[in-house]
Amino acid sequence: PAVDPDAAAIAERMLPVRHRVLVLSGKGGVGKSTVSSQLAWMLSRGGFDADPNAGDDAAGGDDDMDLDPDPEADAWDVGLVDIDITGPSAPRLLGAGAERLQRTASGLSPVFVSDTLFAVSVGFMLERSDDAVIWRGPKKNGLIKQFLRDVDYQPTDVLLVDTPPGTSDEHISIVQLLKQANEITAQHPEAAATHAGSKFGAVIVTTPQEVALADVRRELNFCRRVGLPVLGIIENMAGFVCPGCSINTDIFPATTGGARSLAQDFDVPFLGSIPIDPRVAKACDEGRPIADACPTSPATIAMRRIANKL
Ligand code: ADP
């Protein structure tokens, strides 16, 4: 097929980006943005566990074993691109709601949340943070393309792209655009050094509810159809950890474990289960990293392990 000029332009822009991870979910409200932003933070700060499987439930390990971050682990340069433009949440989740994207001679310069973490979001362009974004269809896709094409990406280890929920046509066209851009980059002569062993693919976030799992199945079929590699499935809101006694209660007992078996059915990695923890919701509302706000929460530990597997 003919090369989409947008894909070529995006490929050129994204040359300095090594790994590209698209975060997908079949439906809204499953925690896709929460997971994207917290993973971005964790990866950008390094110091996560050396052994991703230490203390894993399946391995029968002890959760207390891997609380200590590994200070030797490298911090990555991380970019979070929030293209969930009808409900941009990255600015708030990163505690950067007041920041704005700057236009420079070479394009849009991202907002640096820290030395090693930058973010791009339509939320950084709105007048007020509670303004609604009501663009639809072609205009919406146009804006997303513009974002991807105009951002001045710095050398970055990993770019997490927080995509809009669902498998609508517009969603599909953006995913295909990124896939094509990645293919062009992979063949670029300058990419040989930076892109050796680089990862590209989707991480799918779901909850254990039956409706959400049905959407994941759709999402997995979609990935297969368009040839988008699936890096793994993350189950969020899997049980509730009582802050008082630390006992985990399944909220959706009938379907708990459903995401893991879906991953098996489709032969894709299962990256882990994150429980519901009110401290996580609070930290996110305050725009703080959960690694600071509640470092010992089982939800934080679960996300650390997932960060380690990326
Ligand atoms: P999505 O991006 O999929 O629409 P969000 O990331 O906005 O979903 O999450 C929806 C809500 O659920 C937010 O209020 C968020 O703080 C909360 N939330 C997400 N994951 C967790 C969790 N593991 N524990 C507690 N609250 C969570």
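Only the coordinates and a few stated rules stand behind these numbers; no lab work does. Here the structure is a predicted model, which means the values were calculated and not measured. Cβ atoms come from the backbone with ideal geometry, glycine included; neighbour counts cover every protein chain shown.
Brief remarks on what is shown
- Percentage of interatomic Cα-Cα distances in region 177-266 larger than 22 Å: 45
- Whichever lysines have a C-alpha closer than 23 Å to that of Lys145, once near sequence neighbours (fewer than 8 apart) are set aside: Lys27, Lys32, Lys179, Lys199
- Segment Ala9..Asp292, full-extension length gain: 98.1 nm, with 0.36 nm per residue of separation and the alpha-carbon distance subtracted.
- With the simple spin-label model, which puts each label point 7 Å out from Cα in the Cβ direction, the Ile172 to Gln264 separation comes to 3.1 nm.
- DSSP-loop GluC sites (Glu not before Pro) across region 138-205, with at most 16 other Cβ within 10 angstrom: Glu190
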